[in-house]
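Worksheet: one structure, shown below.
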Amino acid sequence: MRVIFWYMDQFKYHPAIKNLETAKDVTEDGLFKDTIVAFVHGEAEDEENASKVETKLVKNVKWLASKLNCSNVVLHSFAHLSTSKCEPEFLQGLFDRAEVRLKGSGLNVSQTPFGYFLDIEMNAPGKSLARVYKEF
């Protein structure tokens with residue numbers, strides 16, 4: 001799994017193109033303020049280590065949220081960080097489980113529409129830990 005975490009003053013999206021036939025139809029925009037957006041790329045080998053990568057994702061989100069004193073998190077599928085890709089259903093399930101665990105830790109968690117290319121607007125400050133890359 002590869003993840004780029006961005007802390008953003010504001011993150012806005014609009015579903016532009018549905019690229020996964022099985023994805024739910026979505027037309028609503030999303031707007032989040034004071035949030036960490038996790039751009040997550042699931043790799044094929046992650047499917048063999050599902051519990052491990054889920055736990056590492058959750059721990060990394062919680063660590064960064066604590067460091068930034070931020071309680072808002074958005075999980076976003078971003079399949080552009082490696083040539084190895086997991087099955088979409090696997091990553092969606094991992095997101096759903098991670099969301100439950102993170103909410104149980106007191107975080108406000110959302111997901112961008114899965115299976116869509118999005119028009120994105122980002123407003124990210126230039127401060128320490130506003131951009132973090134992890135590979136696990």
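The values are calculated or read from the model by the stated rules, or taken from the named source; none is laboratory data. From a predicted model like this one, the values you see are computed outputs, not experimental measurements. Backbone-built Cβ (ideal geometry, glycine too); neighbour counts: all protein chains shown.
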Near pairs, Cβ below 6 angstrom, 6+ apart or cross-chain, from segment 97-125 (free of Cβ contacts under 8 Å to residues at least 40 places away in the same chain) to any residue that is crowded, with 17+ Cβ neighbours inside 10 Å and polar (S, T, N, Q):
Asn108/Asn72
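Under 15 Å from Val37 (Cα atoms) and more than 14 Å from the chain's Cα centre (by Cα), is that true of Asn69? Explain how you work it out, then say what you get.
Details: under 15 Å from Val37 (Cα atoms): yes; more than 14 Å from the chain's Cα centre (by Cα): yes.
The answer is yes for Asn69.
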Among (1) among the hydrophobic types (A, V, I, L, M, F, W, C); (2) assigned to a helix (DSSP H, G or I); (3) in contact with a Leu (Cβ under 7 Å, 6 or more places away or on another chain); (4) surrounded by 18 or more Cβ atoms within 10 Å (Cβ to Cβ), there is one condition Ala38 misses while meeting the rest; what is its number?
(2)
Working carefully through the options Thr83, Thr27, find the one that is in contact with a strand residue (DSSP E or B) (Cβ under 7 Å, 6 or more places away or on another chain) and loosely packed, with under 13 Cβ neighbours inside 10 Å.
Thr27
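Going by the conditions given, is Leu75 modelled with pLDDT of 95 or more, under 20 Å from Ala130 (Cα atoms), in a strand (DSSP E or B) and under 14 Å from the mean Cα position of the chain (by Cα)? Before you say what the answer is, go through the steps one by one.
Details: modelled with pLDDT of 95 or more: yes; under 20 Å from Ala130 (Cα atoms): yes; in a strand (DSSP E or B): yes; under 14 Å from the mean Cα position of the chain (by Cα): yes.
It is true that Leu75 is modelled with pLDDT of 95 or more, under 20 Å from Ala130 (Cα atoms), in a strand (DSSP E or B) and under 14 Å from the mean Cα position of the chain (by Cα).
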Filter result (of a type in the set (D, E, K, R) and in a strand (DSSP E or B)) within segment 81-136:
Asp119, Glu121, Arg131, Lys134, Glu135
